[in-house]
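Before any comments, here is the structure.
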Protein chains: 2
Amino acid sequence: MVYIIIHILKKNTMFSRIFKKKIYADYATLTPIDGRVLKVMVSIYKDFDKNPGALYSGAVLAKKKLEEVRKKVAETLSNTSSNSVHADEIVFTSGGTESNNMAIQGVIDAWYTTHKEIPCIVTSTIEHPAVKKVIDNLVNKKLVTVSYIPVLPSGVIDFVYLRNVFETENNIVLVSIMLVNNEIGVIQSLSEIAKIIRYHKKKNNSIYPYFHTDGCQAPCYIDMHIDKMGVDLLSLDGGKIYGPRGVGCLYIKRGVKIQGVMYGGGQEFGLRPGTENLPAICGFEQALYMAYAQRKDEVLRLGEMQQYVYKNLPAGVFVNGTTLPGERVVNNINICKKGKDAEFVVFQMDTLGVEVSAVTACQNVQEESRSYVVDALGQDCGASSLRISFGRHTTWSEVRKVVKLIQKIYTI
Amino acid sequence: MVYIIIHILKKNTMFSRIFKKKIYADYATLTPIDGRVLKVMVSIYKDFDKNPGALYSGAVLAKKKLEEVRKKVAETLSNTSSNSVHADEIVFTSGGTESNNMAIQGVIDAWYTTHKEIPCIVTSTIEHPAVKKVIDNLVNKKLVTVSYIPVLPSGVIDFVYLRNVFETENNIVLVSIMLVNNEIGVIQSLSEIAKIIRYHKKKNNSIYPYFHTDGCQAPCYIDMHIDKMGVDLLSLDGGKIYGPRGVGCLYIKRGVKIQGVMYGGGQEFGLRPGTENLPAICGFEQALYMAYAQRKDEVLRLGEMQQYVYKNLPAGVFVNGTTLPGERVVNNINICKKGKDAEFVVFQMDTLGVEVSAVTACQNVQEESRSYVVDALGQDCGASSLRISFGRHTTWSEVRKVVKLIQKIYTI
């Protein structure tokens, strides 16, 4: 009885502070696992706990389950009308970071099996470390050259610059530009980039460049069917879509020449060795399916919350990057007040019951305490920007509290 | 009520065949997750579902949990008296395959940051594909040369050959020899190998060679405290110790020069990027702890079962590799009858209710339908060998049934 009362009190946001239940406004760094996903995982552990690589019928059932789920992921990424994605184009990985590593390093490794010339990678200045550092490593090893496409103050890449790069650079083998930025939520128009790529492929009569996008932040908010985006490679991550940790996938268009980054067993079409993590893979599929299914409603709901925050920002506080609908995902609000130390604000807000972020959790804070993404917008806000990211469990009552807190902290 | 009766019947092995509950005798390919481990994972998903890289106190708690678990893993791998393993020597990975990739590729990558000469790797002829193929890849890229140490008919490596290699090979940078073979269960005497390595390191006044072992098959059966084994690098995997899939660790002795195989965020001391998979990591720690805690009892129990099978093998069927206690883990029985097609036996046994393996699930069956491990023993049994591997849930009643089935199938 006492437990039930405490439970009810806990659920009631009025009392949440007493029980130290904080308002979570950092969904872009990690989405809590959805209960239904966790249920799927547990049920697979209980009912399909066999190695899909073995020969007996129990293992064959596990293998069947794996292929069924692979097909479902392909269907989710297809336009329903065209079924453009095939199951054999989906490789399951340990997450978005590995998917990005495989996409970039794998394409370059494959390039060198038949070429000697140093290839060029085209990328943006605001990529996630899991793309940026992979490219940095290839540069350090003198295996690639890079053209960095700058972004406009809106956060959208500079298309004039991009077009020019295509006119002047030779040997562009890979274009890697993220769909949704993890810090500022800005959406890049992949279909526009794909058009330019297609034009140059045709002109040069070449299979290159391939087009990769880090789509980890996107599935809950964007219609990202593959043929609409025109990409050859797409990275996804379970931990950003209310799915399990430690799982993701890389979509690899048929015909793309790529190698794995790890070696071992012949799993995942020989591209990703290691016993398949079936419970996590099934959980990932469930999470991706739900992200797509709930997308339209969530975009409406969170879009209104985003507008509400925009409208109620205190004087002197502005939004980093575009606020145009369609150019930014609805769950992201990244704000700056010049001279206001963002890390300090994170601690202040935490003390007052709201969890938000300054720079990405994936930067090495010891090394870099400013955001290179925000700095790329040209406003010198890298150390004074706060990312508020809402999600599936965010309520209006929470949003209002967050706004009140922002008003309080930023007007002191 | 009906459900309860069915449940009781299911539990009763007499009726298990009616309900198609097979006898699982393939623990070496995958251990079913322990219920207590699954419980830990679920509880972490519920209570610590924050990104350990963020700054707010909830995330700091997740980070604390991560470091607490890292310390516990270090303690488990330490001799209790010496506490020889430090928490900062444990890097969590996505599993044994990744750990092996990092150990081998990472050491070679680090070598090339300060050297130009092509290094030599010393390894055995019976390594798991997750070691073998990593080395193959480095050979193909002309980044290393390799000395393959053959094994004796017992499956134990040829120490005369090994000593000779150390006398004749220059530039040995890495020795990678597995602790317990996944197919034949043979244990290599790592401390003996370590002695030879130490002698040559001292003689050459060099920090090289490093000593890596793939220990994935070992924790449930062997006292593998680090300083006893004398290794610099040790790979472990959750899926082989009744733990979660998609998680493992690499022990890296302080001072070992190594790089990661993937690039991105600064997680795991900069060696393994990507949001830490805290639920799986906590489950892994729990599984490793339990493996060690139950080891002595399990070695006795499964050892008796192993002896029972040995004694009751039909005529013409012999055990691949040593049967000497201490030279082979107690859960592994790998048998051969010349000319008997092993894959066919796997299907036969499956039909009759027992799940076993022929070649490892990690080989690409299309490519290789014989076991190179068994072939390395020199008896031409690569296509006619069956691996029976028992485990935590194996009962005497099951063992007797397996033996009866073996007798039936192999005397036809």
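Summary table
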| read-out | value |
| --- | --- |
| Considering residues of the stretch B:303-325 that are in a helix (DSSP H, G or I) and in contact with a Lys or Arg (Cβ under 9 Å, 6 or more places away or on another chain) only, the residue farthest from the other protein chains (Cβ to nearest Cβ) | B:Tyr308 |
| Residue within the stretch A:145-160 that is at pLDDT below 95 and more than 22 Å from the chain's Cα centre (by Cα) present | no |
| Test: A:Asp297 is over 17 Å from the mean Cα position of the chain (by Cα) and without any contact (Cβ under 8 Å) to a residue 12 or more places away in the chain | yes |
| The stretch A:225-246, residues that are out of contact with any strand residue (DSSP E or B) (no Cβ under 7 Å at 6 or more places or on another chain) and within 14 Å of chain B (Cβ to nearest Cβ) | A:Gly239, A:Lys240, A:Ile241, A:Tyr242, A:Gly243, A:Pro244, A:Arg245, A:Gly246 |
| Members of the stretch A:21-45 that are more than 7 Å from chain B (Cβ to nearest Cβ) and in contact with a helix residue (DSSP H, G or I) (Cβ under 7 Å, 6 or more places away or on another chain) | A:Lys21, A:Ile23, A:Ala25, A:Thr31, A:Asp34, A:Arg36, A:Val37, A:Val40, A:Met41, A:Ile44 |
| Matching residues in the stretch B:215-247 - criterion: being among the aromatic types (Phe, Trp, Tyr) and under 9 Å from the mean Cα position of the chain (by Cα) | none |
| Qualifying residues in the stretch B:161-176 (those that are within 21 Å of the chain's Cα centre (by Cα) and not hydroxyl-bearing (Ser, Thr, Tyr)) - the one farthest from the other protein chains (Cβ to nearest Cβ) | B:Val175 |
| Checking B:Tyr251 against (1) out of contact with any Gly (no Cβ under 6 Å at 6 or more places or on another chain); (2) buried (at least 24 other Cβ atoms within 10 Å of the Cβ); (3) at pLDDT 95 or above; (4) more than 30 Å from B:Thr113 (Cβ to Cβ), the condition it does not meet | (4) |
| Test: residue in the stretch A:240-252 that is among the hydroxyl-bearing types (Ser, Thr, Tyr) and within 26 Å of B:Phe48 (Cβ to Cβ) | yes |
| Every residue from the stretch B:241-289 that is in contact with a helix residue (DSSP H, G or I) (Cβ under 7 Å, 6 or more places away or on another chain) and of a type in the set (Val, Ile, Thr) | B:Ile241, B:Val247, B:Ile252, B:Ile258, B:Val261, B:Thr275, B:Ile281 |
| Subset of the stretch B:29-54 (residues that are crowded, with 21+ Cβ neighbours inside 10 Å and more than 23 Å from the chain's Cα centre (by Cα)) | B:Ile44, B:Tyr45, B:Lys50, B:Asn51, B:Pro52, B:Gly53, B:Ala54 |
| Hey, A:Asn140 within 15 Å of the chain's Cα centre (by Cα) and within 14 Å of chain B (Cβ to nearest Cβ) or not | no |
| Selected residue (criterion: surrounded by the fewest Cβ atoms within 10 Å (Cβ to Cβ)) from residues of the stretch A:214-242 that are closer than 22 Å to A:Arg392 by Cα and among the acidic types (Asp, Glu) | A:Asp223 |
| Only listed residue being within 14 Å of chain B (Cβ to nearest Cβ), in contact (Cβ under 8 Å) with a residue 60 or more places away in the chain, of a type in the set (S, T, N, Q) and within 23 Å of A:Thr31 (Cβ to Cβ), chosen from A:Ser389, A:Ser397 | A:Ser389 |
| From the options A:Val107, A:Val134, A:Val69, A:Val139, residue that is of a type in the set (Val, Ile, Thr) and more than 30 Å from B:Gly270 (Cβ to Cβ) | A:Val69 |
| Members of the stretch B:247-267 that are hydrophobic (A, V, I, L, M, F, W, C) and either within 20 Å of B:Glu68 (Cβ to Cβ) or more than 7 Å from chain A (Cβ to nearest Cβ) (or both) | B:Val247, B:Cys249, B:Leu250, B:Ile252, B:Val256, B:Ile258 |
| Flag if A:Gln294 is surrounded by fewer than 19 Cβ atoms within 10 Å (Cβ to Cβ), in contact with a helix residue (DSSP H, G or I) (Cβ under 9 Å, 6 or more places away or on another chain) and not in a loop (DSSP other than H, G, I, E, B) | no |
| Residue in the stretch A:222-240 that is within 28 Å of A:Leu324 (Cβ to Cβ), of a type in the set (Lys, Arg), assigned to a helix (DSSP H, G or I) and in contact (Cβ under 8 Å) with a residue 60 or more places away in the chain present | yes |
| Residue match in the stretch A:57-70 (condition: within 7 Å of chain B (Cβ to nearest Cβ), more than 29 Å from B:Val42 (Cα to Cα), crowded, with 16+ Cβ neighbours inside 10 Å and modelled with pLDDT under 95) | no |
| Qualifying residue in the stretch A:12-22 (condition: crowded, with 22+ Cβ neighbours inside 10 Å and at pLDDT 90 or above) | no |
| Output for the stretch B:254-290, where each listed residue is of a type in the set (A, V, I, L, M) and either under 23 Å from A:Pro244 (Cβ atoms) or modelled with pLDDT under 95 (or both) | B:Val261, B:Met262, B:Leu271, B:Leu278, B:Ala280, B:Ile281, B:Ala287, B:Leu288, B:Met290 |
| Exclusive hit being over 18 Å from A:Ile44 (Cα atoms) and within 11 Å of another protein chain (Cβ to nearest Cβ), set A:Gly283, A:Gly270 | A:Gly270 |
| Options B:Phe92, B:Phe48: the member that is at pLDDT below 95 and either more than 9 Å from chain A (Cβ to nearest Cβ) or in contact with an Asp or Glu (Cβ under 7 Å, 6 or more places away or on another chain) (or both) | B:Phe48 |
| Where B:Glu298 falls short, out of the listed (1) more than 13 Å from A:Thr97 (Cα to Cα); (2) within 14 Å of chain A (Cβ to nearest Cβ) | (2) |
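The values are calculated or read from the model by the stated rules, or taken from the named source; none is laboratory data. Owing to the predicted nature of the structure, the values given are computational and were not obtained by experimental measurement. Note that each Cβ is placed from the backbone with ideal geometry, even for glycine, and that neighbours are counted across all protein chains shown.
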